[in-house]
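> Sharing a structure here in structure tokens format.
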Amino acid sequence: MSGLVVAVVLFAALLHASWNAIVKSGKDTFLSTVLVSVGAALISLAVLPFVNTPAPASWPYLAASAVAQLAYYSLLAAAYRAGDMSHAYPLMRGSAPLLVALASWPLIGERLSSMQMGAVACICAGILGLYVAARTGAIGRMPKNTGRATAFALGNACVIASYTLIDGIGVRLSGAPAAYTMWIFVLNGAGLLLWTALRRPADLLAYAQTQWRLATVGGFGTLASYGLALWAMTQAPVAAIAALRETSILFAIAIAALFLREKISPRRYLAIGLIAAGAILMRIA
């Protein structure tokens with residue numbers, strides 16, 4: 001994996017953690033995700049006339065990805081309603097690379113080297129460490145709602161792994177990574193907006209009037225983050241990119257501690273160290 005690809009993926013990871021923090025800090029996490037999604041869709045619509053059209057072979061993957069990402073945004077909002085970002089985000093993002101690595105060989109014929117598998121395992125061990133660190137007290141009880149947050153986060157990890165594999169194949173078939181990315185967000189934003197407008201029209205309108213900046217800043221963040229990751233998947237194995245991208249957890253922890261004022265225990269920091277070691281190992285591999 002070249003230094004350029006690693007740098008691009010790390011920047012994408014920072015952007016991803018940043019827009020997640022915007023969602024987490026919003027007054028309504030679900031409506032915040034809707035605004036972010038719609039913002040990305042509007043930016044994409046403005047850019048689409050200037051990029052190539054994806055090849056027809058990639059359109060089934062676009063449709064499947066749009067459906068999967070609707071589930072992703074719903075579970076993301078649910079996880080953040082139930083728990084801290086410093087708990088839910090690492091579980092969501094860190095569990096997905098292992099699933100991608102396990103599925104990418106039989107599905108798309110990509111086999112990771114021993115060192116790359118070690119890097120994936122190291123990152124995932126750090127994620128499990130974060131889960132263990134969430135347990136507090138002598139009798140091992142978890143904070144209120146942590147169990148629900150964990151369930152939503154792990155469910156979303158399965159969704160993340162699914163659309164990562166779908167898009168890893170689709171973007172290669174498209175012949176136009178930028179256009180493929182734009183269409184993902186247009187389809188996803190339209191679907192999420194329609195769903196919310198039918199269920200909570202008054203709430204959506206009122207929230208958009210006061211929180212419209214979310215649509216601009218968060219929309220750009222999620223669009224740029226995923227677009228850069230998809231480009232990287234055309235340059236290196238999907239599973240390797242998926243694992244390296246989850247270094248966004250490091251950025252998310254820093255943002256949660258410094259800006260969201262979440263308390264992070266020494267055990268969590270130790271687990272974060274494992275994730276960092278996995279990212280370095282992935283670069284060397």
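The values are calculated or read from the model by the stated rules, or taken from the named source; none is laboratory data. These figures come from a predicted structure and were not determined experimentally. With ideal geometry, Cβ positions are generated from the backbone for all residues, glycine too; neighbour counts draw on all protein chains shown. When the accessible area is computed, the model is the full protein with side chains, heavy atoms only, and any ligands, DNA or RNA have been set aside. Shrake-Rupley method; radii C 1.70, N 1.55, O 1.52, S 1.80 Å.
> Percent of Cα-Cα pairs per 10 Å bin, from 0 to the last occupied bin, for the range 28-93, please list those.
Bins of 10 Å from zero give 17, 38, 29, 14, 1 percent of pairs.
> Provide the convex hull volume over Cα atoms per residue for the range 1-58, in Å³. Please list the in-between numbers first.
Working: hull volume 7.8 nm³, N = 58.
Per-residue hull volume (Cα only) is 134 Å³.
> Can you list the DSSP H helices in the chain whose Cα atoms extend at least 18 Å along the helix axis and whose mean Kyte-Doolittle hydropathy is -0.5 or higher? Show your work: numbers first, answer last.
Numbers: long enough: 3-25 (33 Å, 1.70); 29-47 (27 Å, 2.13); 59-82 (35 Å, 0.76); 85-108 (33 Å, 0.88); 114-133 (28 Å, 1.71); 146-174 (40 Å, 0.86); 177-199 (33 Å, 1.07); 201-233 (40 Å, 0.57); 266-284 (27 Å, 1.12).
What comes out of the filter, once short or polar helices are dropped, is 3-25, 29-47, 59-82, 85-108, 114-133, 146-174, 177-199, 201-233, 266-284.
> Share of the chain's accessible area from carbon and sulfur, percent, 1.4 Å?
Numbers: 8450 of 12210 Å².
Carbon with sulfur: 69 percent of the solvent-accessible area.
> So what is Rg over Rh here for the chain, counting just Cα atoms and using Kirkwood for Rh? Each step should come with its number before you reach the end.
Details: Rg = 18.1 Å, Rh = 18.8 Å.
Answer for the chain: 0.96.
> Please report, in whole Å³, the volume per residue of the convex hull around the C-alpha atoms of the range 13-125. Working shown, then result.
Details: hull volume 16.3 nm³, N = 113.
Once divided by residue count, the hull of the range 13-125 is 144 Å³.
> Sorted by accessible area (1.4 Å probe), largest first, how do 24, 263 line up?
Sorted descending by solvent-accessible area, the residues read 263, 24.
> On to the next question. Using square roots of five times the C-alpha gyration tensor eigenvalues, list the equivalent-ellipsoid semi-axes of the range 152-225 in whole Å, biggest first.
Values: eigenvalues 139, 52, 30 Å².
The equivalent ellipsoid of the range 152-225 has semi-axes of 26, 16, 12 Å.
> Using a/c under 1.5 as the rounded threshold, could you call the range 147-285 rounded, prolate or oblate? The axes a ≥ b ≥ c are square roots of the C-alpha gyration tensor eigenvalues, and prolate needs a/b larger than b/c, oblate otherwise. Before the final figure, lay out the partial values.
On the way: a/c = 1.99, a/b = 1.15, b/c = 1.73.
Because a/c hits 1.5 or more and a/b fails to exceed b/c, the range 147-285 counts as oblate.
> Next question. The range 143-245: which trypsin sites (Lys or Arg not before Pro) are DSSP loop and have at most 10 other beta-carbon atoms within 10 angstrom? Intermediate results must be reported in sequence, preceding the final value.
On the way: sites: 144, 148, 172, 199, 213, 245; in loops: 144.
Answer by residue number: 144.
> When the chain is treated as a GNM, springs tying every alpha-carbon pair under 10 Å, which of 57, 77, 243 comes out with the largest mean-square fluctuation?
With Cα springs under 10 Å in the chain, the top fluctuation among 57, 77, 243 is at 57.
> What does the charge dipole of the chain about its Cα centre add up to, to the nearest 20 debye, if the Cβ of each Lys and Arg holds +1 and the Cβ of each Asp and Glu holds -1?
On the way: 19 positive and 7 negative charges, 156 e Å.
Dipole about the Cα centre, nearest 20: 740 debye.
> Grab the DSSP H runs of the chain that are 4 residues or longer, score each as -39,500 (n - 2.57), total them, divide by all residues and round the 222 nm result to the nearest 500 deg cm²/dmol. Write out the running numbers ahead of the final one.
Working: 11 runs with 233 residues, N = 285.
Estimated from H runs of four or more residues: -28500 deg cm²/dmol.
> Moving on to the next point. Find the accessible area per residue for the chain; the probe is 1.4 Å, ligands and nucleic acids are left out, and the unit is Å².
Details: 12210 Å² over 285 residues.
In whole numbers, the chain has 43 Å² accessible per residue.
> Once the dipole of the chain is set up with Lys and Arg at +1 and Asp and Glu at -1 on Cβ about the Cα centre, which of 224, 77, 185 lies farthest towards its positive end?
With unit charges placed on the Cβ atoms, the residue in question is 77.
> For 1, 115, 92, give me the order by solvent-accessible area with a 1.4 Å probe, most accessible first, ignoring ligands, DNA and RNA.
Numbers: 1 55, 115 85, 92 0 Å².
Sorted descending by solvent-accessible area, the residues read 115, 1, 92.
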